[in-house]
Amino acid sequence: MARIAGVTLPAQKRVDIALTYIYGIGRTTANKIIAASGVPAETRVKDLSDAQTDKLRELVEKGEKVEGDLRREVMSNIKRLKEIKSYRGDRHTRKLPVHGQRTKTNNRTVRGNVRRTMGSGKRKLEKT
């Protein structure tokens, strides 16, 4: 059972996939770490030796900003955007898409799955 950066890696997965379970490491970064460590990418986590695990742990914790540090940095960046009242900060505050996505037809889950169509408004009472 390998534990790197406070995350227990799944034993049955290949090393290159298992490293992506760490927040801040994607496929590309995982492949770079594996190349630098000399561990074969197709090795399963359960088959790693202690030396290989230590080498991976050292490369991840020393070379990359992961888990708590990265989360803290991202949150402080968002907080800064909100404090300076930027457009992106305002979008974060309102819990709307930040990167220019359309909001008329998508992001229903963010808006509470509200579907407003022509016929769904309040109906006027018909006079008889």
Long-range Cα-Cα pairs in the range 3-64 (distance over 16 Å), rounded percent: 30
Check which residues have an amide H placed less than 5 Å from Ile4's amide H, if you skip close sequence neighbours. Leu9
Can you give me the angle between helix 67-83 and the longest principal axis of the chain, using Cα atoms only, in degrees from 0 to 90, rounded to the nearest 10? 30
Select from the range 1-60 those trypsin sites (Lys or Arg not before Pro) which occupy a DSSP coil region and have at most 16 other Cβ atoms within 10 Å, ordered by residue number. Lys13
Hey, got the Cα dimensions of the chain along the principal axes, in Å, largest first? 84, 38, 21
Output the 0 to 90 degree angle, nearest 10, between the alpha-carbon long axis of helix 50-63 and the longest principal axis computed from the alpha carbons of the chain. 50
Using Cα springs under 10 Å in a Gaussian network model of the chain, which residue among Lys65, Lys95, Lys79 shows the largest mean-square fluctuation? Lys95
Picking from Val66, Val110, Val74, which is most flexible by a Gaussian network model of the chain using Cα springs under 10 Å? Val110
Considering lysine pairs in the chain that are 8 or more places apart or on different chains, how many have Cα atoms under 16 Å apart? 9
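Values quoted throughout were computed directly from the atomic coordinates according to the rules given, and no laboratory measurement underlies them. Since the structure is predicted, the reported quantities are computational estimates derived from the model, not experimental observations. As a convention, Cβ positions derive from the backbone with ideal geometry for all residues, glycine included, and neighbour counts pool all protein chains shown.
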